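Data block below; observations after.
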Amino acid sequence: MCGIVGIIGKQPVAPLLVDALKRLEYRGYDSAGIATLDAGLIKRRRAEGKLINLENLLGNDPLSGNTGIGHTRWATHGVPNETNAHPHQTEKLAIVHNGIIENFRELRDELIADGYNFVTETDTEAVAHLITRSMDNGLDPRSAVSQNLERLEGAFAIGILFKGEENLIIAARRGAPLAIGYGEGEMYLGSDAIALSPFTNVLSYLEDGDWAAITSGGVEIHDVSGGRVQREKQVTVASSVMVDKGNYRHFMLKEIYEQPEVISHTLSHYLDFATSSTRFPKELPFDFANLDRIAISACGTAYLAGLVSKYWFERYARVPVDIDIASEFRYREMPLAKGGLSLFISQSGETADTLAALRYCRAQGQHIGSVVNVRESTMARESDAIFQTLAGPEIGVASTKALTCQLSVLASMAVAVGRAKGVLSGQQEEKLVHNLSEAPKFANQALKLEQEIQKIAGDLAKVKHVLYLGRDTNYPLALEGALKLKELSYIHAEGYAAGELKHGPIALIDEDMPVIVIAPHDKIFDKTVSNMQEVAARGGRIILITDRTGAAKASMDTEHTLIMPDMPDILTPLIYSIPAQLLAYHTAVFMGTDVDQPRNLAKSVTVE
Ligand code: F6R
């Protein structure tokens, strides 16, 4: 939700903190701030809005000091203004926080009664005063932090700087990610590996309940029981080069264009193109051949990838799938047979609702598999089996290449399960693997339609409401198209199963309502044509995304027909995602919205 960084360096750290925050800005961008220790005194600068405002402030009013912490915020408690921006400061310390302190009201009332003065609307300020009170009562920083952690309810990652302690940052995590970075006589703290990538690639990840005292000489980590623990040092592959926009105007566009490559990279991890067979690790803790049900849970776009995979698992492997939005799943108290497979899908691997669903399933005795992009994420670490998507860092807040890589993994897995269960013959497996191997080629061809899509976007940018329709695996894609359009352009959009149109949404159709129909020529194409006729009969404006055969067979008057290449059915959700992404992207560009960082959103939602 928010991004945290901390550095104990050998040179002034303010520019380094800002540099690291730039790579964390995808986590939140309502306000930003840093605090440093200068001759033992805490100094801070904070600014409302994007990081550039903080940079400008520091340009006019720089901060010195070789130890500091920084924060980029996605507001949960209190409006995004300078007062509520982190770091929060008391006479003794400055703190940055990612997450939510659920019992902050109770703590605040108690601290106010003790004479502590609150100036912000944030939950974080309660933590600042809580630790300060212990220090006022004579405790040193380490004891003050460790003693108060058990008072905090909720999920959090924090970093704290103390007045007069040039060589100390204390960090703690519960439920939100936090990494410690090791340098040469320098130490770092960050919400993820990418933030720290220019400084170090040697990291340890704190585990839930850990707190750590970081000094220039190293780190002392304590677990939830207070005992000293070692957390493994890992060499990460996160690279700052990967988070460069290159020649693209936006990260999102760059990430859309990376798809042929990352899809190919991901597919070749799970498919052997030489033998046209699937290849999943042999040493999985569960057997594909014995799966008789899969429970899938995820949020947003990742959920829609799961919804597509339901069709695939049921069609190619005859395995029934229960799928739920994670925020619903976690409270639904769904009965789950011991030893079954629960699958979680997430780009970040940190989404709070998905993580909570994962923990619920773990408690029910399920095997836990995760399709995640960030290998070092909490979800990956809490899974029995990780099916990694090899999309590389996704910085644009709207998910693009992560989705198509999730679909690549899930399609490969459905085929592998089908083969393991004997539902698919060797020949059928071969054919499907061959079909999937063509995804990068078709993705490249879809990208060639960008100019035509730009023209359609010019028209969409003038409307207030849009309807997306699709059937079968392209029904989740209709939902995804609508999600992308609303989050990027703020145009109201709805996705529907085309067959559902006549059960209500058809009432919306008039000459002002564009209806985007995602309809490759498949076995139910004719049904979708009937739905288009229903729209046309009511004066609706049809934008048809289909293939050559579909365009010829539909023989309808449409406002636009975007013609995709003919391709095998299994590929359509992957490849038709691309025009849906480009359409939302260009509509947003026409509207002048902030494409990479749409309002009110954050890349990784680590709060409930
Ligand atoms: C939409 C989007 C979100 C995410 C959702 C889950 O474009 O990006 O809907 O898909 O917040 O995030 P992850 O995949 O990190 O769990």
Discussion item. Restricting to bridges with both residues inside the chain, how much of the DSSP beta-bridge set is antiparallel, in percent to the nearest 5?
Written reply: 60
Worksheet item: Rounded to the nearest whole Å³, what is the per residue volume of the convex hull around the Cα atoms of the range 254-437?
Response: 100
Response to the item:
Among beta bridges assigned by DSSP with both residues in the range 254-437, the antiparallel ones amount in percent, to the nearest 5, to 10
Worksheet, complete the sentence: Per the 1/(1 + (r/R0)^6) rule, R0 = 56 Å and r from the Cβ atoms of Leu41 and Glu333, FRET efficiency to 0.05 is 0.60
Practice prompt. Rank Ala411, Ser134, Pro15 by how far each Cα sits towards the positive end of the charge dipole of the chain (+1 on Lys, Arg Cβ; -1 on Asp, Glu Cβ) and give me just the farthest.
Written response: Ala411
Fill in: Relative contact order, percent, the range 3-246 [alpha-carbon distance under 8 Å, six or more residues apart]
19
Worksheet entry | Using alpha-carbon coordinates, inclination of helix 300-316 to the longest axis of the chain, degrees | 40
Response to the item:
The size of the Cβ-based charge dipole (Lys, Arg +1; Asp, Glu -1) of the range 444-591 about the Cα centre, to the nearest 20 debye, is 80
Fill in: Rounded if a/c under 1.5, otherwise prolate or oblate - the range 5-60, Cα gyration tensor axes
prolate
Discussion item. Can you work out the Karplus-derived ³J(HN,Hα) for every residue in the range 55-64? Use 6.51 cos²θ - 1.76 cosθ + 1.60 with θ = phi - 60°, whole Hz, and x for glycine or proline.
Written reply: 4, 5, 4, 5, x, 7, 9, x, 10, 9
Worksheet item: Using the eigenvalues of the Cα gyration tensor, what equivalent ellipsoid semi-axes result for the chain when each is taken as the square root of five times the eigenvalue, whole Å, largest first?
Response: 45, 27, 21
Discussion item. Quick check on the exposure proxy: order Asp292, Asp136, Asp30, Asp192 from fewest to most C-beta atoms within 10 angstrom.
Written reply: Asp292, Asp136, Asp30, Asp192
Discussion item. Given points 7 Å out from each Cα along the Cα-Cβ axis, report the Asp140 to Lys502 separation in nanometres with one decimal.
Written reply: 7.8
Practice prompt. State, as an integer percentage, the relative contact order of the chain based on alpha-carbon contacts under 8 Å between residues 6 or more apart.
Written response: 12
Worksheet item: Taking the range 78-183 on its own, what percent of its Cα-Cα pair distances exceed 18 Å?
Response: 45
Practice prompt. At 0.36 nm per residue, minus the direct Cα-Cα distance, what do Val79 and Glu220 gain on full extension? Give it in nm, one decimal, please.
Written response: 47.2 nm
Worksheet item: Given labels modelled 7 Å from the Cα in the Cβ direction, how far is it in nm from Glu232 to Lys50?
Response: 4.0
Worksheet item: If Lys and Arg each add +1 and Asp and Glu each add -1, what is the summed charge of the other residues whose beta carbon sits under 14 Å from the beta carbon of Arg381?
Response: -4
Discussion item. Just want the answer: with Cβ charges of +1 for Lys and Arg and -1 for Asp and Glu, which residue in Ile323, Gly396, Gly300 is farthest toward the dipole's positive end in the range 254-437?
Written reply: Ile323
Worksheet item: By how many degrees, 0 to 90 and rounded to 10, does the Cα axis of helix 426-437 deviate from the longest principal axis of the chain?
Response: 70
Worksheet item: Going toward the positive end of the dipole of the chain, with +1 on Lys and Arg Cβ and -1 on Asp and Glu Cβ, which of Leu161, Asn600, Ala482 do you reach last?
Response: Ala482
Discussion item. Need the full-extension length gain, Asn60 to Arg381, defined as separation in residues times 0.36 nm minus the C-alpha distance. One decimal, nm.
Written reply: 111.2 nm
Fill in: Simple spin-label estimate for Ala274 and Asn290 in nanometres, 7 Å along Cα-Cβ
3.2
Worksheet, complete the sentence: By the Cα gyration tensor axes a ≥ b ≥ c (a/c under 1.5 gives rounded; else a/b larger than b/c gives prolate, otherwise oblate), the shape of the range 444-591 is rounded
Item to complete: Calculate the dipole size of the chain relative to its Cα centre from +1 charges on Lys and Arg beta carbons and -1 charges on Asp and Glu beta carbons; express the result in debye to the nearest 20.
Response: 840
Worksheet entry | Relative packing of 454-463, 595-604, which averages over residues the other C-beta atoms within 10 Å, highest first | 595-604, 454-463
Item to complete: Would you work out the charge dipole size for the range 254-437 about its Cα centre, treating the Cβ of every Lys and Arg as +1 and the Cβ of every Asp and Glu as -1, and quote it to the nearest 20 debye?
Response: 340
Worksheet item: Given the C-alpha centroids of the range 420-480 and the range 282-308, what is the distance between them in whole angstrom?
Response: 21
Discussion item. Can you classify the range 123-212 as rounded, prolate or oblate using the Cα gyration tensor, where a ≥ b ≥ c are the square roots of its eigenvalues, rounded means a/c under 1.5, and otherwise it's prolate if a/b beats b/c and oblate if not?
Written reply: oblate
Worksheet item: Can you sort Thr90, Thr266 so the residue with the fewest Cβ neighbours within 10 Å comes first?
Response: Thr90, Thr266
Fill in: Rounded Å value of the spacing that divides the Cα centres of the range 336-368 and the range 86-161
32
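Each reported figure results from applying straightforward, stated rules to the coordinates on display, with no laboratory input. These numbers come from a predicted model, not from an experiment. We place every Cβ from the backbone using ideal geometry, glycine too, and count neighbours over all the protein chains shown.
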